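The values are calculated or read from the model by the stated rules, or taken from the named source; none is laboratory data. This is a predicted model, so every value here is computed, not measured. As a convention, Cβ positions derive from the backbone with ideal geometry for all residues, glycine included, and neighbour counts pool all protein chains shown. For the accessible areas, the whole protein counts, side chains as well, though only heavy atoms, and no ligand, DNA or RNA atoms are used. Shrake-Rupley method; radii C 1.70, N 1.55, O 1.52, S 1.80 Å.
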Amino acid sequence: MSENLIKFPLFMFFCMDMTKRQSFIKDYFSYHLPKWVKNSKVFATDNFDAIVVLSDPLSFEYKYKGVNAPLMKKYKFSSTVFIHRENTEQICDILLPYTKPSRVITIYSGAQVGFERIESVIDEVIEYSNAENVTLVFETFSRRYLPGMEYKGFVTAYRKQFLNTQFVETVMTYNM
């Protein structure tokens with residue numbers, strides 16, 4: 001999957017050096033996927049060309065820990081992951097009342113994956129949200145899925161240039 005994510009805006013921010021990006025993506029997933037499976041909700045398309053992760057914004061980590069930590073620590077720019085998380089957490093602090101649980105949605109998919117490919121996964125995520133009474137927060141640097149998410153009932157709550165980068169961050173909510 002890493003070769004399909006080379007131009008994924010989030011990874012373009014995390015790793016600006018294109019020559020290192022594919023190995024960074026591979027190490028990123030090697031580090032995070034076991035943690036997500038244990039502590040978050042992970043959904044995937046049937047052929048795994050897209051992964052959707054629901055993370056609790058109140059339990060973001062700001063230090064690489066564990067047996068796979070060296071995979072991330074070897075990159076001098078790996079702290080960009082924490083900068084992004086801190087920004088997302090601050091937006092959630094402002095937007096969410098925290099009277100009920102919330103989950104941040106991150107969709108990892110290559111450019112060739114249209115909304116129709118992930119729509120059934122988004123339907124599963126919405127089912128989960130409704131069943132568990134969880135607020136969903138979709139945060140992205142890409143406009144690709146915004147119309148589809150809007151169609152599914154997500155509402156744009158925030159859109160602004162991300163720090164001083166080329167990226168525009170959009171935050172949408174569902175089930176507030």
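Please identify the pairs in which a residue from the stretch 165-176 that is in contact (Cβ under 8 Å) with a residue 40 or more places away in the chain and under 12 Å from Val104 (Cβ atoms) has its Cβ atom under 8 Å from the Cβ atom of a residue that is surrounded by fewer than 16 Cβ atoms within 10 Å (Cβ to Cβ) and of a type in the set (Ser, Thr, Tyr), counting only partners at least 6 apart or on another chain.
Val171/Thr156; Val171/Tyr158
Would you call Glu132 within 16 Å of the chain's Cα centre (by Cα), charged (D, E, K, R) and open to solvent by 40 Å² or more (accessible area, probe 1.4 Å)?
In short, no.
Which condition from (1) among the aliphatic types (A, V, I, L, M); (2) in a strand (DSSP E or B); (3) farther than 22 Å from Thr140 by Cβ is the one that Leu71 breaks?
(2)
Under the condition of being surrounded by 20 or more Cβ atoms within 10 Å (Cβ to Cβ) and β-branched (Val, Ile, Thr), which residue from the stretch 107-129 is nearest to Val52 (Cα to Cα)?
Among residues in the stretch 107-129 that are surrounded by 20 or more Cβ atoms within 10 Å (Cβ to Cβ) and β-branched (Val, Ile, Thr), the one nearest to Val52 (Cα to Cα) is Ile107.
Within the stretch 115-141, can you find the residues that are in contact with a Gly (Cβ under 6 Å, 6 or more places away or on another chain) and polar (S, T, N, Q)?
Correct list: empty.
In the stretch 76-100, how many are among the hydroxyl-bearing types (Ser, Thr, Tyr), over 16 Å from Val134 (Cα atoms) and open to solvent by 20 Å² or more (accessible area, probe 1.4 Å)?
Residues that pass the stated criteria total 2.
Tell me which residues, restricted to the stretch 145-161, are assigned to a loop (DSSP other than H, G, I, E, B) and crowded, with 17+ Cβ neighbours inside 10 Å.
Result: Tyr145, Lys152, Phe154.
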